[in-house]
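The values are calculated or read from the model by the stated rules, or taken from the named source; none is laboratory data. Just so you know, these numbers come straight off a predicted model, no measurement behind them. Cβ sites come from the backbone with ideal geometry, for glycine too, and all protein chains shown count toward neighbours. Keep in mind that these areas ignore ligands, DNA and RNA; they rest on the heavy atoms of the full protein, side chains included. Shrake-Rupley method; radii C 1.70, N 1.55, O 1.52, S 1.80 Å.
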Amino acid sequence: MKVSWEEVILMPRNKARNVAPVDKKTKRASVRRLLGYVFKYYPIQFVVVVVCIILVTASSVAGSYFTGTIMVNKYLNPALQPGGVMDWKGFNIAITTLACIYIAGIIASFFYNYLMAFIAQGVQKKIRDELYSHMQILPVSYFDTRSQGDIMSVYTNDVDALREMLARSLPQVVSSVMTMFVCLIFMLFTDLLFTAIVICFALIIFFITKFVAKRSSKNFIAQQIELGKTNGYIEEMVSGQKVVKVFNYEKRNIEGFDQHNEELYQDSVRANRFSNILMPIVNQLGNLQYVLLAFIGAIAIINGVTGYNLTGTYVIEIGTIVSFLMFSKSFVQPIGQVSNN
């Protein structure tokens, strides 16, 4: 049985736990609906955000290229050769240029995070307004089958999860995809063999993250459902505290809360168990790739091996390896970040 996220939110929480996982088509439709709010109410701000993300990505990748290919190969490496002289004027200009590149990235990062916070809060308000207006036309039967705390959980926890996606996850995903794309272009123009190694590690990381994320997402849904049930139980018991006292219901009240709290604990553990191991796995595979590239690069430099890229052949130098090591980190880490989000 396929259900939409709206149906999951609107159905009683004790029934929602037993539904089948939401299919990919429904997930994509839900994301499109959420983005519809952004394009409807904040189109200009979102365009500025995308431009700023592009600037951040470009400054990061360009800085990696500039550090190795320009600063090391053009200035530091020649100066270290026998009889070499340091071109301090050109080196200072290169340092200043690199600093300007990173400063531009910092400024762009500040603006897009600031704007996304503004957009996310605005969309959150619009969704809550529509939820409240829709609630006014719901039949009495809807409120008979749901606790007040469960309904309140939709307004607070569920809507806040959507805000978190817009404010943090969406920019991170866009930035990660752009970073991988730009890094791939730079890597292809740097060295084809090293690029092939990075892509192989990226595929391994992709399949691992897909495996972990698939098992983590369904548990996060169960966690959100159980959170609503727990909130509903607390709201009912607190508002009915006088009745609890009159009928000496305190012990059963505590037992009921312990049961809900234990189920929420178990769901949260299962959800975060997978998600918390994701980034350490990605980081360690990235470190292994880093060491492998450095090892192969060192052998190539010592033996004067000729490298190949999209422009033809070239002599592998230290600066080239330095840039590629930075590219490899920038290319692999976004895979884990996207899956984690």
Single match in 187, 180 (criterion: at pLDDT 85 or above and open to solvent by 20 Å² or more (accessible area, probe 1.4 Å)): 180
Pair list, Cβ < 6 Å and 6+ apart or interchain, from the stretch 38-63 residues that are farther than 13 Å from residue 113 by Cα to residues that are open to solvent by 80 Å² or more (accessible area, probe 1.4 Å) and of a type outside the set (A, V, I, L, M, F, W, C): 63/102
Residue in the stretch 135-143 that is closer than 26 Å to residue 220 by Cβ and either over 22 Å from the mean Cα position of the chain (by Cα) or open to solvent by 90 Å² or more (accessible area, probe 1.4 Å) (or both) present: yes
Breaking point among (1) over 21 Å from residue 158 (Cβ atoms); (2) without any contact (Cβ under 8 Å) to a residue 40 or more places away in the chain; (3) open to solvent by 80 Å² or more (accessible area, probe 1.4 Å); (4) among the hydroxyl-bearing types (Ser, Thr, Tyr), for residue 97: (3)
Qualifying positions in the stretch 219-272 - within 34 Å of the chain's Cα centre (by Cα) and of a type in the set (Lys, Arg): 229, 270
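Checking the condition touching a Lys or Arg at 6+ places or on another chain (Cβ under 9 Å) and on the phi < 0 side of the Ramachandran plot, which residue from 297, 286, 256 passes?
Details: 297 fails: touching a Lys or Arg at 6+ places or on another chain (Cβ under 9 Å); 256 fails: touching a Lys or Arg at 6+ places or on another chain (Cβ under 9 Å).
Within the list 297, 286, 256, the selection yields 286.
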The stretch 280-320: number of residues that are closer than 14 Å to residue 193 by Cβ, under 28 Å from the mean Cα position of the chain (by Cα) and open to solvent by less than 30 Å² (accessible area, probe 1.4 Å): 2
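Going residue by residue through the stretch 170-193, is there one that turns out to be under 19 Å from the mean Cα position of the chain (by Cα), of a type in the set (S, T, N, Q) and farther than 24 Å from residue 320 by Cα? Please lay out each step first, then the result.
First pass over the stretch 170-193, keeping only residues under 19 Å from the mean Cα position of the chain (by Cα): 170-183.
Next, only the ones that are of a type in the set (S, T, N, Q) stay: 172, 175-176, 179.
Filter again for farther than 24 Å from residue 320 by Cα, leaving 172, 175.
The answer is yes; a qualifying residue exists.
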